[in-house]
Amino acid sequence: MAMAIGNDGDGEDEVNSTINTTPLVDVMLVLLIIFLITTPLQNQTGKHHPVGEQGW
C-alpha cells in the first residue's frame, strides 16, 4: 500500500514510501461541494432580525 520494499536485482534493498493523495483530494472536493451548497442555504433559512431588535 503506502510502503513498498523491493529488490531490483542489484543486491540493494530500497524502501519506497509514497503517500497516496487521491483519497485526500476526493475528501477535500466533497467538503468543498458541501460547503458551497450549504452556505447560501444558511442565509435563506436564517431568521431575519432588523437592526435594534433583540430576538432572544
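Can you tell me how much longer the chain between Leu24 and Gln42 gets when fully stretched, taken as 0.36 nm per residue apart minus their C-alpha distance, in nm with one decimal? Don't skip to the end; give the middle numbers.
On the way: separation 18, 0.36 × 18 = 6.48 nm, distance 2.67 nm.
Gain on stretching Leu24 to Gln42: 3.8 nm.
HN-Hα J couplings of the range 15-23 from phi, Karplus 6.51/-1.76/1.60, θ = phi - 60°, integer Hz, Gly and Pro as x?
Karplus-based 3J(HN,Hα) across the range 15-23 equals 9, 10, 10, 10, 9, 7, 8, 4, x Hz.
Every number in this text was worked out from the coordinates using simple rules, so none of it is lab data. Computed from a predicted structure; not experimentally measured.
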